[in-house]
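Worksheet: one structure, shown below.
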Amino acid sequence: MRKGDYVTMNKESIRNNYINNVVPKWMTEGKVSNIMAMPAITKIIVNTGIGDIKENKDMIEQLVEQMGKITGQKPVVTKARQSIAAFNVREGMPVGVRVTLRGERMYHFLEKLFSYTLPRTRDFQGISPNGFDGHGNYSFGLTEQLPFLEIDPNNVRRSFGLQVTIVTSTNDDTIARELLTELGAPFSTSKEEGEKE
């Protein structure tokens, strides 16, 4: 596999699993009355803050390049809407890098994330089931970009954390969690995590 290429899954893809297995199962079990009512993932947002490199053009360019490799899509540099003197931020200054994934790229990224990237993180024991926002959307963070196979550690000058938000078409956290579980989300099942809910 070349760097920047998506990982080819050996098992059924998340998209095909959703269409061929999850939708028919939920219809049969009566969880949804018709296919139009079936919840789905609509987009995935991946973003990171620029932090103390906001005035370092070369470092920002490297961050943008690495985000592009990780997501398979050109990132957007977000800029401050107003000046904040306490944080030495001026209006129009770069403050973050964001990618919004839909369609096939969204599913490819999710497959790679669930099956390869997350299991490669240090001491991985599952993602917290408590990251839902009350509207059916789920967010979690990664502390660095190194678990992604596309990133060459020898070319990393600065580590950065990532925030991943999975947006679904349902406003119900319970339904969204069940959907993501069916699609392979590696939620933690520890007692401690369960008590937080």
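Before moving on, here are some points about what is shown:
- Taking the numbered list (1) modelled with pLDDT under 95; (2) in contact with a Gly (Cβ under 8 Å, 6 or more places away or on another chain) in turn, residue 170 passes all entries but (1).
- When residues of the range 34-74 are limited to those that are of a type outside the set (Gly, Ala, Ser) and touching a Gly at 6+ places or on another chain (Cβ under 7 Å), the one farthest from residue 105 (Cα to Cα): 50
- Scope the range 176-186; condition touching a Ser or Thr at 6+ places or on another chain (Cβ under 8 Å) and either in a loop (DSSP other than H, G, I, E, B) or at pLDDT below 95 (or both); matching residues: 184
- Remark: pairs (first residue in the range 143-155, crowded, with 16+ Cβ neighbours inside 10 Å; second residue aliphatic (A, V, I, L, M) and in a loop (DSSP other than H, G, I, E, B); Cβ separation under 6 Å; 6+ apart in sequence or on different chains) = 145/151.
To keep it simple, each residue is scored yes or no on (1) outside any strand (DSSP E or B); (2) surrounded by fewer than 21 Cβ atoms within 10 Å (Cβ to Cβ); (3) in contact with a helix residue (DSSP H, G or I) (Cβ under 8 Å, 6 or more places away or on another chain).
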{"site": "105", "(1), (2), (3)": "yes, yes, yes"}
{"site": "109", "(1), (2), (3)": "yes, no, yes"}
{"site": "115", "(1), (2), (3)": "yes, yes, no"}
{"site": "122", "(1), (2), (3)": "yes, yes, no"}
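The values are calculated or read from the model by the stated rules, or taken from the named source; none is laboratory data. None of the values given here were measured: they were computed from a predicted structure. In this analysis, Cβ positions are derived from the backbone assuming ideal geometry, glycine residues included, and neighbour counts consider all displayed protein chains.
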